[in-house]
1. Rounding to the nearest 20 debye, state how big the charge dipole of segment 108-195 is about its Cα centre with +1 on each Lys and Arg Cβ and -1 on each Asp and Glu Cβ.
2. Of the peptides 596-605, 36-45, 529-538, 579-588, how do they stack up when ordered by the mean number of other Cβ atoms within 10 Å, highest first?
3. Considering every pair of different Cα atoms, what Kirkwood radius, in Å, is found for segment 267-373?
4. Per DSSP H run of n ≥ 4, the term is -39500 (n - 2.57); total these for the chain, divide by its residue number, and report the mean residue ellipticity at 222 nm rounded to 500 deg cm²/dmol.
5. Explain nothing, just the number: dipole magnitude of segment 456-611 about its Cα centre with +1 on each Lys and Arg Cβ and -1 on each Asp and Glu Cβ, in debye rounded to the nearest 20.
6. Peptides 420-428, 95-103: what's the order by average Cβ count within 10 Å, highest mean first?
7. Of Met127, Ala182, Met109, whose Cα points farthest to the positive end of the dipole of segment 92-209 (charges on the beta-carbon: +1 Lys, Arg; -1 Asp, Glu; origin at the Cα centre)?
8. Within 10 Å of each residue's Cβ, count the other Cβ atoms and sort Leu215, Leu78, Leu406 from fewest upward.
Amino acid sequence: MNATNDICRSWLPFLPGDPAETVRCAYDMARSELNIARESGMNLPQIILNLQEDMGESFRIAKTEDGYQVSGGEPGVLYGTYRLLMALYAKEKVVCGTTPCKPFYGLRMINCWDNAEGTVERGYAGMSLFFDGGRLSYDARRMRQLGRMLASVGLNVLCINNVNVHDPAHLLIEEEWLPELARLADLFRPFGVRLMLSIDYAQPIRHGIPTADPLDEAVQNWWKKQAEMVYRYVPDLAGFLVKADSEHRPGPFTYGRNHAQGANMLARALKPFGGWLVWRCFVYNCMQDWRDTQTDRPKAAYEHYAWLDGRFDDNVILQIKNGPYDFQVSEPVSPLLYAMPQTHLAVEVQLAQEYTGQQIDLYAMAPMWKELFRDLPAQKVMAVAAVSNLGRDWNFTGHPFAAVNLFTYGLMAWWPDCVEDSESLMRLWVKLTYRLSEEQENTLVDMLLNSRSIYAKYAANLGLGWMVYPHTHYGPNPGGYEFTPWGTYHKADRNGVGVDRSDKGTGYAQQYPEPFQSLYNDPAACPDELLLFFHRLSYDHVMKDGRTLIQRLYDDHFEGLAGAEHLAEQLATLDLPEPDAAEAHKRMQQQLHNAREWCDITNTFFHRYSGVEDARGRTIYP
Ligand code: GCW
C-alpha cells in the first residue's frame with residue numbers, strides 16, 4: 001500500500017502532511033507544528049512559546065488569559081507543544097504547573113534491528129526505513145514523520161542498525177557512508193532525536209590490525225581515530241551500541257579479557273565527544289548441551305556481570321533485557337538490574353512482538369511494563385531502550401494497533417509512574433488515533449487492556465515460555481526448543497513440567513535480593529504467572545485457586561481461545577477508517593487461527609504426558 005499524507009498519521013492525525021522541511025531547531029519546529037495544527041482546522045487557543053535554553057529537555061505549560069504558554073529548552077519546548085496539542089485534541093485536562101515536567105530517564109532509546117540489505121531482524125512492519133540494497137536509503141519525508149512521532153512522546157535516541165552488524169552495515173562508521181549518515185542526523189535533529197550506531201566489536205581487524213584485543217594499543221588508537229572521524233560528521237551522535245560475545249558476535253572473551261575491559265576501551269574513544277557506550281548484557285552460552293543440567297541460561301548475565309560492578313567507566317551504560325531469558329511473555333525482572341549499584345544501567349524492552357504475536361496477534365504491552373516498573377530499582381537505572389516495532393509499512397507498525405506500544409513506551413520512558421495507569425495511556429492513544437463514539441472507544445480500550453492476558457493464556461501461561469517454533473518464534477511447538485543448544489527447556493514429562501530454579505534446584509532465585517528471593521523461592525508464594533519459570537511441579541499440584549496444575553493448563557488455554565474469539569467480536573463492532581479496518585481484520589483472522597492452534601496443540605501435548613482428562617469434559621484431541 002502506498003503511503004499518502006493522510007495515511008502516515010500514527011497517533012497524530014491532527015498534524016496532517018509533513019513537518020516543515022526547512023526547520024533546523026526544535027523551537028522553530030514547535031512554531032511550525034502549531035501552524036500546521038491550526039491549518040488542519042484544530043480550534044486552538046492562543047499559545048505562546050517561550051524558549052528557555054537552560055530548561056533543556058524539560059518543559060512547563062502555564063495557563064494564560066487567552067490560552068497557554070509553553071516554556072522549555074531545546075527540545076523541551078517542542079515536547080511541551082506536542083503534549084499540549086495532544087491534550088487539546090483529545091479533550092483531556094492540560095497539566096499546568098509551576099514545576100517543570102522533567103524526563104525521568106535521560107536516554108529514551110529506540111533500537112532498530114535493521115540490516116543494510118533492507119531486512120529487519122524480528123521486524124513485522126515491512127522492510128527497513130533506513131536501508132536498502134546494502135546502503136543507507138531513506139525517504140526524507142518519512143524520516144521527518146518518524147521524528148515527529150518520536151518527539152511527540154519524548155523519545156530522544158534512535159539506533160538505526162541491528163546489534164548483529166552484518167556487512168556492509170559496519171561501513172556506517174567509515175568515511176564512505178558518513179556524509180549520508182550526517183544528512184540523516186540533520187533530519188532528526190530538529191526533533192531532539194540523536195542517532196546511535198551499533199558497531200562490530202572486531203572492526204579493527206578489517207583494517208589490517210591482527211587483533212581486537214581491548215588492551216592492544218593499536219586497537220585502542222584505531223577506535224579513537226574512528227570515533228573522532230564519526231563525530232566530525234555527526235557531532236551529536238548519542239554513541240555506540242555493542243552486542244559482544246553474544247550469539248556468535250565477536251567480543252573481548254576471545255582475547256581472555258572481561259567485559260569491563262572491552263567496554264571501557266570503546267568508551268574512552270567516545271569520551272572526548274560526549275558519547276555513550278551502550279553495552280548489552282545478553283551474554284549466555286547459545287551452544288549448550290541439553291543434557292547439561294548444571295547450566296541454567298537465566299543465570300548467565302548475572303554471572304558474567306555482577307562481579308564487575310564499579311569497574312565500568314562513567315560513560316558506559318550496561319543495557320539489560322527486562323527479563324533474564326529473552327523477551328518471553330512472562331519473565332521475572334532480571335536480577336542483574338538489582339546487582340550493580342555502581343554502574344550505569346539501562347533496561348531493554350522489546351516493542352517488536354517477536355514472542356508476543358508478531359504484530360498479528362493483539363498484544364498491548366503497557367500492563368506488562370507496569371509490572372516491570374513496579375519491581376525495578378528505579379534509582380539505579382538511568383536509561384531505557386526498546387527494540388523497535390517500526391518498518392516501511394504504510395503506518396510504520398504493520399498492525400495499526402501496534403502503534404499503541406511505541407506510544408505508551410515513549411510516555412513511560414519519560415515518566416515511568418504513568419504506566420500505573422495503563423488504561424488512560426491507551427485511551428489517550430485511541431482518542432488521538434481514531435474518532436470513535438464513546439462506546440466504541442471503550443471497546444477498543446478494553447480490547448487493548450485484555451490483549452496481553454488473552455495472548456498469555458493461549459500462548460505462554462504460568463511462566464512457560466519457548467513453546468514456539470524455533471527461529472520464527474510464531475505459533476505453537478511445545479517441544480520445539482527442548483533438545484536445542486539454546487538453553488531453553490521446560491522439561492515436560494509424564495510427572496510434571498517446569499524447571500526448579502529455587503535453592504533446591506539451579507539456585508537462580510538466589511540471585512535476587514529480598515523480598516524477591518523468598519517470593520520466588522517458594523512455590524506457595526510465587527506468583528502464578530511465574531510459577532513454572534521458577535518451579536518444577538507435578539500435574540496434580542494444587543494451585544492457589546484450588547485447581548490442579550493440569551486443570552489450570554487446560555482452562556487457561558480454553559479461556560485464551562475464547563478471549564481471542566471475543567476480541568474478534570469486539571473488533572467487528574468498531575467503525576475504523578480504512579485501511580486500518582482491513583488491516584486489523586486480516587490480522588484478526590490469523591490471530592484466531594493461531595489461538596486455536598495454541599489451545600489444541602498445547603492441551604493435547606499435556607494430555608498425552610499427564611493422561612489426565614479435562615474436568616469439564618471439553619474436547620482435547622488425542
Ligand atoms: O531473542 C534473540 C533474537 C535475535 C536477537 C537477539 C538479541 C538481534 O531472536 O534475533 O538478535 O535476541 O537480542 O541480540
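What follows draws every value from the coordinates through simple rules; no lab data is involved. Quick caveat, the model's predicted, so the values are computed rather than measured. Heads up, the Cβs are rebuilt from the backbone with ideal geometry, glycines too, and the neighbour counts pull from every protein chain shown.
1. Computed about the Cα centre, the dipole is about 640 debye.
2. In decreasing order of mean packing, 596-605, 36-45, 529-538, 579-588 become 529-538, 596-605, 579-588, 36-45.
3. Across segment 267-373, the inverse of the average 1/r is 15.5 Å.
4. Mean residue ellipticity at 222 nm (helix-derived): -11000 deg cm²/dmol.
5. Working: 13 positive and 21 negative charges, 126 e Å.
The calculation lands at about 600 debye.
6. Ranking, from highest mean packing down: 420-428, 95-103.
7. Met109
8. By the 10 Å Cβ count, ascending: Leu215, Leu406, Leu78.
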